[in-house]
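Below: the structure, in structure tokens.
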Protein chains: 2
Amino acid sequence: MIRADAEALDRDDPLRRSRELFELPKGVIYLDGNSLGPIPRSVYPTMEDLLLRQWGQDLITSWNKAGWIEAPQRVGGKIARLIGARATEVVVADSTSVNLYKLAAGALSLRPGRRKIVTEAGNFHTDVYVLEGLARLAGATLEVLPRAEVLGAIGDDTALVMLTHVHYATAEVWDMAAVTAAAHDRGALMLWDLSHTAGAVGCDLNGARADLAVGCGYKHLNGGPGAPAFLYVAERHQGAIATPLSGWMGHAAPFAFEPRYSPAPDIRAQLCGTPPILGIAALECGVDTHLSVTPQAVAAKGRSLCDLFIRLVEDRCAGYGLTLVGPRDVARRGLHVSFAHADGYALVQALIARGVIGDFRDPDICRFGFTPLYLGHAEVWDAVEILREVLASRAFERPEFRTRAAVT
Amino acid sequence: MIRADAEALDRDDPLRRSRELFELPKGVIYLDGNSLGPIPRSVYPTMEDLLLRQWGQDLITSWNKAGWIEAPQRVGGKIARLIGARATEVVVADSTSVNLYKLAAGALSLRPGRRKIVTEAGNFHTDVYVLEGLARLAGATLEVLPRAEVLGAIGDDTALVMLTHVHYATAEVWDMAAVTAAAHDRGALMLWDLSHTAGAVGCDLNGARADLAVGCGYKHLNGGPGAPAFLYVAERHQGAIATPLSGWMGHAAPFAFEPRYSPAPDIRAQLCGTPPILGIAALECGVDTHLSVTPQAVAAKGRSLCDLFIRLVEDRCAGYGLTLVGPRDVARRGLHVSFAHADGYALVQALIARGVIGDFRDPDICRFGFTPLYLGHAEVWDAVEILREVLASRAFERPEFRTRAAVT
């Protein structure tokens, strides 16, 4: 394969025009959209209107006039189209961690006789931490098990199985329908973390009969740093699921000032405090970039980019100590590719210094994200060439690449 | 008194230049800064830099380079100066409702033998709702009592007393030091909601030996619609207090990817998910407007504005069915003034139509906020004149003012 082959793939790419929807710095190959997606060009005029007109001029009346109060449901309804859910099943709120807490607690409320929560060791750590905190307060038991032992641990005492659909490090994908069915067979509920799924890989929550899900707004959805997160509650559980985070926006009548809590009968029951309008506005721009294409086209191009990267690295960077993490088959992975390397941290810093932005995850994982809306196959080729040069020249051994930053 | 007297007060006002820090619509007297503060002029250039340079060009590197990761503590440290706390005792995070949940749960962890939480009937409803949700999950008891019965209900079984310092409707202020001491006498902890306090009235958390506090970013702090909230944990409780919302940002080493949760030893333990950078950036602009003056000057001018409004309404609008809600003595109230009126909703709508923006709170409360940084005494005079005209002409009886909006 030569670079011209990659260029040919780009010429035939049905998503090639999507790149114009984003602002990207010059001279950079951005392989970290799985951590922080770049800014959609629509964010700036949207924020200008929000700040100068809606907040600046219309002030408090914008809660009604500009639709601020419905924003969590409106944007949730758009995200629903990317994850195989109904518009009435998804809402934007809080952070992924807070949403996970709400829904895991809700699962305990739906399965009152059962007190066990099962998750995977090596799941993204905040998911495990939040389940730990909930289990302690609610008097539940948390079992954190190796991937291969998760399904076998689901028993008649299990209220909830909580897994991340696309693994943050290995990118390995769980079979959503099969795992959900296995949980249901034992009477347990299933909660999926879609942080690396939404806007990236195929996802059919309704088709899998998934009960609950949460996900992140700032990765493949391009919602900006610390964007609000989303959550999904299957229609059949709405009205029955109880959240301990029973704030006023989840009340059946938030502005009636009733003395006691009475939850909304629908997905709004999962709202808590006042919705973060600036964050939701930016997130809506990001979600809208996805609605101009199909999730199928995104997933297909993503597989093509990942497959090209893996093949090129294995071919052109052989012998330099890189080991692919996760499955070789791109149909079984999400849109980031990790290679383990003994000097991984420094290697990633050396690549960043040359304009190839990936990230590092302890202990030795160099992670590269392949986001179909704004990356092309030729960039993948160029990134691998730069990787090869850095490895061959051992540039990553320079001392300046070893200083650890606060955020890695 | 005539308008010229109000104008004279404005000429002598040490805060008269602060108005230039804000963008306000022309032809409007904005008496709703206690609900949504207007936009500081610095927000627009700040957001431009955040969007175009930090997010747009520097992308993921801004977590370190632009200080995003420290933003919750940096802005929390600034808010600390407005509420009598140390910089290391305050952090910006989540919503007021979520923060209340965290700290109330934390109080239960600090008082393991005690299971009772006491609060006030008529407290802002989301506070009561959140305590209800926590009590149910944690197996605690919530007592919601009339204001006069709260102190007497604190017993040896009480883990936490939770009150709002300035009442959202009546504006009545609790004596923070005395009430905190009463709670401590019985071994209970004290949690204050400062939503109508921060940036408005005097507050000395350390002086009162308050244990815990939460507060809102979008009212007197001018952080924008749905701005992130803040919370305070007295230094003596840090390290000991446990939060069930144990997300990765509260971990001692968020980027070490440790398998189990180990809380940060300081205020960071109260962080949960990824910080909402857009919201925090706008909030920082709002907080900065307060740091250019003193909290004492703000509180003094606020009392002067409220006193003028009450006197003028009682004088010039007598006989039109308005009844002052809350104490007459402005030293015992926060910076909003409520009058009950049988046709309150329509009255507020009629005032809005004439450019005097207040808000309505069920069942009959017309609420007007007096924010010292951008309001003057002459505006108070003008607002009362318009109120008098609307009452005298009975303009509020027109049918178009009776249609209830989603948000009131």
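The values are calculated or read from the model by the stated rules, or taken from the named source; none is laboratory data. A quick note: this is a predicted structure, and the numbers were derived from the prediction, not measured. Here the Cβ is made from the backbone with ideal geometry for all residues, glycine too, and neighbour counts use every protein chain on show.
Structure values in brief
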read-out	value
B:Ile310, sole failed condition from (1) within 11 Å of chain A (Cβ to nearest Cβ); (2) assigned to a helix (DSSP H, G or I)	(1)
Breaking point among (1) more than 23 Å from A:Val130 (Cα to Cα); (2) within 14 Å of chain B (Cβ to nearest Cβ); (3) β-branched (Val, Ile, Thr), for A:Val214	(1)
Candidates A:His251, A:His290 - the one that is touching a Gly at 6+ places or on another chain (Cβ under 8 Å) and buried (at least 16 other Cβ atoms within 10 Å of the Cβ)	A:His290
Unique match (being farther than 21 Å from B:Leu31 by Cβ, within 8 Å of chain B (Cβ to nearest Cβ) and of a type in the set (A, V, I, L, M)) among A:Leu59, A:Leu51	A:Leu51
Matching residues in the stretch A:333-348 - criterion: being farther than 23 Å from A:Ala378 by Cα and either assigned by TED's automatic domain parsing to the domain that holds A:Gly122 or not in a loop (DSSP other than H, G, I, E, B) (or both)	A:Ala340, A:Gly344, A:Tyr345, A:Ala346
Number of positions in the stretch A:6-27 that are outside any loop (DSSP other than H, G, I, E, B), more than 10 Å from chain B (Cβ to nearest Cβ) and free of Cβ contacts under 8 Å to residues at least 24 places away in the same chain	4
The lone exception for B:Thr274 - which of (1) crowded, with 24+ Cβ neighbours inside 10 Å; (2) touching a residue at least 60 places away in the same chain (Cβ under 8 Å) it fails	(2)
Complete set of residues in the stretch A:352-375 that are in a strand (DSSP E or B), more than 9 Å from chain B (Cβ to nearest Cβ) and aliphatic (A, V, I, L, M)	A:Val356, A:Ile365
Residue match in the stretch A:315-332 (condition: assigned to a loop (DSSP other than H, G, I, E, B), among the hydrophobic types (A, V, I, L, M, F, W, C), crowded, with 23+ Cβ neighbours inside 10 Å and assigned by TED's automatic domain parsing to the domain that holds A:Val390)	no
Residue among B:Asp307, B:Asp315, B:Asp266, B:Asp288 that is within 30 Å of B:Pro112 (Cβ to Cβ), modelled with pLDDT of 95 or more and charged (D, E, K, R)	B:Asp266
The one condition in (1) surrounded by fewer than 24 Cβ atoms within 10 Å (Cβ to Cβ); (2) modelled with pLDDT of 95 or more that A:Ser246 fails to fulfil	(1)
Verdict on A:Leu145 being within 13 Å of another protein chain (Cβ to nearest Cβ), surrounded by fewer than 21 Cβ atoms within 10 Å (Cβ to Cβ), of a type in the set (A, V, I, L, M) and farther than 20 Å from B:Met249 by Cβ	yes
Matching residues in the stretch A:109-125 - criterion: being more than 24 Å from A:Arg361 (Cβ to Cβ) and surrounded by 24 or more Cβ atoms within 10 Å (Cβ to Cβ)	A:Ile117
Hits in the stretch B:322-353 - residues which are without any contact (Cβ under 8 Å) to a residue 40 or more places away in the chain and charged (D, E, K, R)	B:Arg328, B:Asp329
Unmet criterion (only one of (1) more than 8 Å from chain A (Cβ to nearest Cβ); (2) aliphatic (A, V, I, L, M); (3) more than 19 Å from B:Ala281 (Cβ to Cβ)) for B:Leu82	(3)
Flag for A:Thr88 being surrounded by fewer than 18 Cβ atoms within 10 Å (Cβ to Cβ), touching a helix residue (DSSP H, G or I) at 6+ places or on another chain (Cβ under 9 Å) and touching a residue at least 12 places away in the same chain (Cβ under 8 Å)	yes
Qualifying positions in the stretch B:155-197 - of a type in the set (Gly, Ala, Ser) and either in contact with a Pro (Cβ under 9 Å, 6 or more places away or on another chain) or part of a strand (DSSP E or B) (or both)	B:Ala159, B:Ala171
Single match in A:Arg311, A:Arg268, A:Arg236 (criterion: surrounded by fewer than 22 Cβ atoms within 10 Å (Cβ to Cβ) and in the same structural domain as A:Gly369 (by TED's automatic domain parsing))	A:Arg311
Condition met for B:Ala188 (in contact (Cβ under 8 Å) with a residue 60 or more places away in the chain, of a type in the set (A, V, I, L, M) and within 10 Å of chain A (Cβ to nearest Cβ))	no
Top-ranked residue in the stretch A:62-79 [being in contact with a helix residue (DSSP H, G or I) (Cβ under 6 Å, 6 or more places away or on another chain) and facing another protein chain (nearest Cβ under 10 Å); ranked as nearest to A:Gly215 (Cα to Cα)]	A:Ala71
Flag for B:Gly319 being more than 17 Å from the chain's Cα centre (by Cα), free of Cβ contacts under 8 Å to residues at least 40 places away in the same chain and at positive phi	yes
Options B:Glu385, B:Glu400: the member that is over 25 Å from the mean Cα position of the chain (by Cα) and either at pLDDT below 95 or assigned to a loop (DSSP other than H, G, I, E, B) (or both)	B:Glu400
Among the candidates B:Tyr30, B:Tyr44, residue that is within 8 Å of chain A (Cβ to nearest Cβ), out of contact with any Lys or Arg (no Cβ under 9 Å at 6 or more places or on another chain), farther than 30 Å from A:Pro38 by Cα and buried (at least 17 other Cβ atoms within 10 Å of the Cβ)	B:Tyr30
Failed condition for A:Tyr232, given (1) among the aromatic types (Phe, Trp, Tyr); (2) within 14 Å of chain B (Cβ to nearest Cβ); (3) closer than 27 Å to B:Ala105 by Cα	(2)
Count of the stretch B:366-391 residues which are of a type in the set (Phe, Trp, Tyr) and under 17 Å from B:Ser338 (Cβ atoms)	2
Subset of the stretch A:244-301 [under 15 Å from A:Phe230 (Cβ atoms) and part of a loop (DSSP other than H, G, I, E, B)]	A:Leu271, A:Cys272, A:Pro275, A:Pro276
Within the stretch B:113-142, tally of residues that are more than 26 Å from the chain's Cα centre (by Cα) and within 12 Å of another protein chain (Cβ to nearest Cβ)	5
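Matching residues to (1) within 22 Å of A:Ala182 (Cα to Cα); (2) in contact with a Phe, Trp or Tyr (Cβ under 9 Å, 6 or more places away or on another chain); (3) outside the structural domain of A:Gly215 (by TED's automatic domain parsing):
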| residue | (1), (2), (3) |
| --- | --- |
| A:Pro38 | no, yes, yes |
| A:Arg53 | no, no, no |
| A:Ile60 | no, yes, no |
| A:Trp63 | no, no, no |
| A:Gly76 | no, yes, no |
| A:Leu82 | no, no, no |
| A:Ala121 | yes, no, no |
| A:Thr126 | no, yes, no |
| A:Gly139 | no, no, no |
